[in-house]
Structure formats: structure tokens, C-alpha cells
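Participant: One structure, pasted below without further comment.
The values are calculated or read from the model by the stated rules, or taken from the named source; none is laboratory data. Note that this is a predicted model, so its numbers are computed, not measured. All Cβ positions, even for glycine, are placed from backbone atoms using ideal geometry, and neighbour counts span all protein chains on display.
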Amino acid sequence: MIVLYGFGGVGRTFAEVVYSRTNLKISAVFDSKGGAMKCGGFEKDEVKTLLKAPRGGVSELGVGARASLEEALRCAEVLVDASPPNYSNGEPAASAYRLALKSGLSVVTANKAPLALYFPEFEGKPVFYKATVMAGTPVVDLALGLREQRPLRIRGILNGTTNYILTRIDVDGLSFEEALGEAKAKGYVEPDPAIDLEGLDAAAKLAILANTLGARLTLGQVHREPLRYLGPRTKYVAEADLEAGNARVVPARLEPDDPLLLARYTTNAVEIATEVNLVRVFGKGAGRLETSLALLNDVVKALRACK
């Protein structure tokens, strides 16, 4: 059974994916104003009703019973976090993780904030977080496989929204204002634009990748400069020197032969250098379906680990 924590775009898409592709069931759904629970798991028609709820309206529908998170966790094996990130203190998600883990559940998350802020606290515990970095591209799995190779550097394009804006300017000739407006119209920009445009999202992903590779880096240690266009071949680059402990997210003009220029529009890219290897990965870094499928992959992994 799954407790779904967060019922916005990703949470709703995840619920649809669970019921259309698996025999798993969701036993509780929580949004910003409360939760609804059915210990035996919601049926498909009940989920369809929940999907019609307005934002913040899950507990008002009469589907299942109103419940606290503590009550809901007693009827599940996995907490899935699809709630919005809070980069100031990671709450309320961080406390939900602590409660779930204390109750013997696994945590599967797409929310970057708790791990970007408190990774060491959750390391070594059943917390699965493939969906936090590059969503549909399994770069977290890659990083775990490189950990014993003495990782040296990370460098990449880790935010699809800003990469879309810069590509539209550089390749298609739009002004910064036009490209930003288009990105907003397409729903690429976070409700709080600073998350994208001031590098918070990319910095959080960089911190999570660094910790996955065995380094210690928190969100607050990543130097950030706001997005701006510097001329041809501008990219919003996230990079970390894992030996020196330096990390930053900054706009930079790349050389014409830089492989990161192959990442265009909403495509993301990451380059990881180790003592014996240099690996580059390009792929989708966002999207409701992509993120939901990454969450589902981790849910299956978490449930197998429970057996």
C-alpha cells in the first residue's frame, strides 16, 4: 500500500500511472489541506473521483475517511512524496520522512528539498530518490554505480526550464523576455520563478548528485548566480569540484566544441568525471509522466526490499 503525499500535477499523474499500469493500490492521499484514507486501498473509481478534486480538496470529497499522516502510515509500506519543495527548511516533507521511517516505511520522493538540505540524515535508510534528478533519466542510478571510482567532478545542465529559455534565445532568436514568457505559458516555470531563475532547482540537484557520489555538499554551500544571457552558447551550468568542495550554478559561455551544447530546449545533461572514467548522459530532466514513472520504479524497488 502507498501513501501519496502531494496531489498536484505529479501526484495526480502518479496515481493514474499506478492504477493503469500496476496492481498496486494507494491507501491514502494528502494535499495541502489534509488527507483521505482507505486502509484496504482505493478502488479505480474512487481514484477517478479523487482526481476530480480541486487543489486542497481531497479531504472534503467523502472518499475514504479523513486521516492524519500518522494514522495513514499504519496502513502502508511506502510513503511517496510528490509535494512542492521548500528550500528554506524542507518542511513539512522532512518531518513526514522522519515519521514514515520511524514507523518502518520506505520513502520514495521526487521532492528535492529534504535531501538537498539533510542528505546525511537520510543516507543509509530506505529512501529512494531517483525522481529528484533528471526525472526520466536514471542518473542517480549511474552515480551510485560510480561511487567507488573516486568521483572528481560533476558538470551539467540540470534545469530544463532555464535551458529552454537560453535555447530559444540562442537558436531561435527570441529576446530573454519573450523566451521567459513562452516558458511560463507552457508551464515550465515553477510557481515561484526564483526556484528556476536563481538556480535553486539546479543547485539542489547538484547537491543530491554530489552526496550520492560520496561527497558532502548542502544546498547552502552551492554558489548561485541568477540566469542571464551572456551571448552565443550561453548555458546555465551546474558544476562541483568534489575534491576541493567547491560548487556553483552560473551562466557561462561555452566553447563551440563543448558537449554540453548538445543539450537543447528541455533536455538535461550531466558529466561525471572519476579517477578512471568520464561519463556523459543526456536525457529528459522533467515532465509529469517521466517523474511519475521514476517514482513508480522506486516504489517497486522499495516494495521488493521490504520482502
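Participant: Give the number of residues within the stretch 150-169 that are part of a helix (DSSP H, G or I) and either touching a His at 6+ places or on another chain (Cβ under 7 Å) or modelled with pLDDT of 95 or more (or both).
Facilitator: Counting residues in the stretch 150-169 that are part of a helix (DSSP H, G or I) and either touching a His at 6+ places or on another chain (Cβ under 7 Å) or modelled with pLDDT of 95 or more (or both) gives 8.
Participant: Ok, one more. Filter the stretch 60-70 down to the residues that are modelled with pLDDT under 95 and surrounded by 15 or more Cβ atoms within 10 Å (Cβ to Cβ) and list them by number.
Facilitator: Once the filter is applied, which keeps residues that are modelled with pLDDT under 95 and surrounded by 15 or more Cβ atoms within 10 Å (Cβ to Cβ), the stretch 60-70 yields 61, 63, 64, 67.
Here's the yes/no breakdown for (1) touching a residue at least 40 places away in the same chain (Cβ under 8 Å); (2) in a helix (DSSP H, G or I):
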| residue | (1), (2) |
| --- | --- |
| 179 | no, yes |
| 187 | no, no |
| 190 | no, no |
| 206 | yes, yes |
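Participant: Is the stretch 122-145 home to any residue that is acidic (Asp, Glu) and touching a helix residue (DSSP H, G or I) at 6+ places or on another chain (Cβ under 6 Å)? Walk me through it before giving the result.
Facilitator: So the first thing to find is which residues in the stretch 122-145 are acidic (Asp, Glu), and the list is 123, 141.
Now restrict to residues that are touching a helix residue (DSSP H, G or I) at 6+ places or on another chain (Cβ under 6 Å): none.
Looking for residues that are acidic (Asp, Glu) and touching a helix residue (DSSP H, G or I) at 6+ places or on another chain (Cβ under 6 Å), one finds none in the stretch 122-145, hence no.
Participant: Just need a number here: residues in the stretch 82-104 that are in contact (Cβ under 8 Å) with a residue 40 or more places away in the chain and among the acidic types (Asp, Glu).
Facilitator: Number of matching residues: 0.
Participant: Hey, another quick one. Within the stretch 218-251, which residues are of a type in the set (A, V, I, L, M, F, W, C) and touching a Phe, Trp or Tyr at 6+ places or on another chain (Cβ under 6 Å)?
Facilitator: 227
Participant: Can you tell me which of (1) surrounded by fewer than 16 Cβ atoms within 10 Å (Cβ to Cβ); (2) in the same structural domain as residue 243 (by TED's automatic domain parsing) is the one residue 125 doesn't meet?
Facilitator: Condition (2) is where residue 125 drops out.
Participant: Given 133, 63, which one is in contact (Cβ under 8 Å) with a residue 12 or more places away in the chain and over 20 Å from residue 211 (Cα atoms)? Show your work before the answer.
Facilitator: Numbers: 133 fails: over 20 Å from residue 211 (Cα atoms).
It is 63.
Participant: Go through the stretch 266-298 and give me each residue that's in contact with a strand residue (DSSP E or B) (Cβ under 7 Å, 6 or more places away or on another chain) and in a helix (DSSP H, G or I).
Facilitator: The answer is 290, 295, 298.
Participant: How many residues are of a type in the set (A, V, I, L, M) and touching a helix residue (DSSP H, G or I) at 6+ places or on another chain (Cβ under 7 Å) if we restrict to the stretch 243-292? Steps first, answer last, please.
Facilitator: Taking the stretch 243-292 and keeping what is of a type in the set (A, V, I, L, M), we get 244, 247, 249-250, 252, 254, 260-263, 269-270, 272-273, 276, 278-279, 281, 286, 289.
With touching a helix residue (DSSP H, G or I) at 6+ places or on another chain (Cβ under 7 Å) added as a condition, the list becomes 247, 249, 254, 263, 269-270, 272, 276, 279, 281, 286, 289.
Number satisfying all stated conditions: 12.
Participant: For the stretch 226-244, give me each residue that is part of a loop (DSSP other than H, G, I, E, B) and over 21 Å from the mean Cα position of the chain (by Cα).
Facilitator: Across the stretch 226-244, the qualifying residues are 228, 229, 230, 231, 232, 233, 242, 243, 244.
Participant: Which condition number in (1) of a type outside the set (Lys, Arg); (2) under 20 Å from residue 129 (Cα atoms); (3) modelled with pLDDT under 95 is the one that residue 76 fails?
Facilitator: Of everything listed in (1) of a type outside the set (Lys, Arg); (2) under 20 Å from residue 129 (Cα atoms); (3) modelled with pLDDT under 95, residue 76 misses just condition (3).
Participant: May I ask you to list the residues in the stretch 214-260 that are out of contact with any strand residue (DSSP E or B) (no Cβ under 9 Å at 6 or more places or on another chain) and surrounded by 14 or more Cβ atoms within 10 Å (Cβ to Cβ)? Break it down stepwise before answering.
Facilitator: First pass over the stretch 214-260, keeping only residues out of contact with any strand residue (DSSP E or B) (no Cβ under 9 Å at 6 or more places or on another chain): 216, 218-220, 244-245, 255-257.
Matches in the stretch 214-260: 218, 219.
Participant: Residue 10 - would you say it is in a strand (DSSP E or B), within 21 Å of residue 288 (Cβ to Cβ), within 20 Å of the chain's Cα centre (by Cα) and not hydroxyl-bearing (Ser, Thr, Tyr)?
Facilitator: For residue 10, the condition - in a strand (DSSP E or B), within 21 Å of residue 288 (Cβ to Cβ), within 20 Å of the chain's Cα centre (by Cα) and not hydroxyl-bearing (Ser, Thr, Tyr) - is not met.
Rundown of residues vs (1) closer than 20 Å to residue 1 by Cα; (2) at pLDDT below 95; (3) of a type in the set (Gly, Ala, Ser), yes/no style:
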{"position": "253", "(1), (2), (3)": "no, no, no"}
{"position": "256", "(1), (2), (3)": "no, no, no"}
{"position": "261", "(1), (2), (3)": "no, no, no"}
{"position": "271", "(1), (2), (3)": "no, no, no"}
{"position": "278", "(1), (2), (3)": "no, no, no"}
{"position": "296", "(1), (2), (3)": "yes, no, no"}
{"position": "304", "(1), (2), (3)": "yes, yes, no"}
